[in-house]
1. Taking H as built 1.01 Å from N, whose amide H comes closer than 5 Å to the amide H of Ser19, not counting residues under 5 places away?
2. Could you work out the longest stretch of the chain that avoids the GluC sites (Glu not before Pro) located in DSSP loops with at most 16 other Cβ atoms within 10 Å?
3. Any chance you could check the Cα centroid distance between the range 1-61 and the range 112-160 for me, in angstrom?
4. If one takes the longest principal axis of the Cα atoms in the chain, at what angle in degrees, from 0 to 90 and to the nearest 10, does the Cα axis of helix 167-187 lie?
5. With viscosity set to 0.890 mPa s at 25 °C, what whole-number translational diffusion coefficient in µm²/s follows for the range 165-223 from Stokes-Einstein and a Kirkwood radius over Cα pairs?
6. Need the list of lysines near Lys179 for cross-linking: C-alpha distance under 16 angstrom, and skip anything on the same chain fewer than eight residues off.
7. So what is the calculated 222 nm ellipticity per residue for the chain, using -39500 (n - 2.57) for each DSSP H run with n of 4 or more, over all residues, to the nearest 500 deg cm²/dmol?
8. Give the whole-number value, in cubic angstrom per residue, of the convex hull volume spanned by the C-alpha atoms of the range 85-245.
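Laboratory data are not the source of any read-out in this text; all were calculated from the coordinates shown. Computed from a predicted structure; not experimentally measured. Cβ placement follows ideal geometry from the backbone for every residue including glycine, while neighbour counts extend to all protein chains displayed.
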Amino acid sequence: MGALSHYLEEEGLATTQISLVREHTEHIKPPRALWVPFGLGRPFGPPNDASFQTRVVVSALKLLEAAEGPVLVDFPDDEPESASQNTPVVCPVNFASAIAEMTTIDLVLEAFKSEAANMNGWYEIALSIRGRTTAGVSCLSLNEIVGFFASFISGARDTCPITGVTIASGIRMAAEDLKAIYCEGLTAQPGEVGDSTAIANWFWGETVAAQVINAIREICLGLPANDFQLLGKLLLVPRNQLHRFQ
C-alpha cells in the first residue's frame, strides 16, 4: 500500500496509511504514514476497544492535513492491556528459572543456543502441520540467527550474514524471524496456547531469546550510528514489554 500511494498521489488523490513495520515505511517513503507499536495483524490495537481504535484512525486521518510528504509520525501510546493478557500460556518447557540464575552474558548465550535448539524442534512440527510459516524475511536458519546474535553481542559488529542490508536492518529482520519461529513452535506444544497477547507475554517474559534481544537493544543504544539508535529505541522490544527489562 505504501508503494501504491505514490501512484494515487500522482493522480491527485491524497493518501494516508498505518504502518506496523517502521523500517519498511522508512524505505518506501509513502506520502503520509502513522507508525503504531502494536503486534502484527492488529494495526488498530486490541479488539473490542472502539475508543482506542477510533483514536488510531483519527490520528492517521489527521496526517491528511499535511500538504505533501513524506510524513512519518509515531503513534504516542502503546496498546492498552486487556483481560486476555492475564491468560497464562501452558508450555512444557519452562525457561524462567534458568533466566533467573544467569549472571553473565556467556551463560545467557549458552542457554540461548540450547533453548533455540529445543524450540526449533517444535517449530518444525508446527511447520509440518500448517505447511506454511511467517518466518523467512531474513533467509537465515534459526541456528544462523543464534550465531549472528551471539557474534554481535560478543563484539563482531562489522559484517551482516544477510546480503545487501545493513547490520542494523539484518538484526531487525533476524529478530522478527526469531520471534516467529518461537511463537509458531509454541503452538505445536500441548496445552492451551492462548491469544496473541498471551503468546507475546510468554515470549518476552519467559524465554532466553527475549533476554538476548534486549541485550542487543542495550548495545544498540550505546552505539553512535542513527540506525542502531533507532533499532534500540523503537524496533526490537515493544514498548509495552520494556518494563520486563528495567
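1. Leu34, Trp35, Val36
2. Result, exposed sites excluded: 82-191.
3. Distance between centres, Cα-based: 29 Å.
4. 70 degrees
5. Details: Rh = 12.6 Å.
Here the translational diffusion coefficient equals 195 µm²/s.
6. Cα-Cα hits under 16 Å: Lys113.
7. On the way: 10 runs with 124 residues, N = 246.
Rounded to the nearest 500, it is -16000 deg cm²/dmol.
8. Value for the range 85-245: 109 Å³ per residue.
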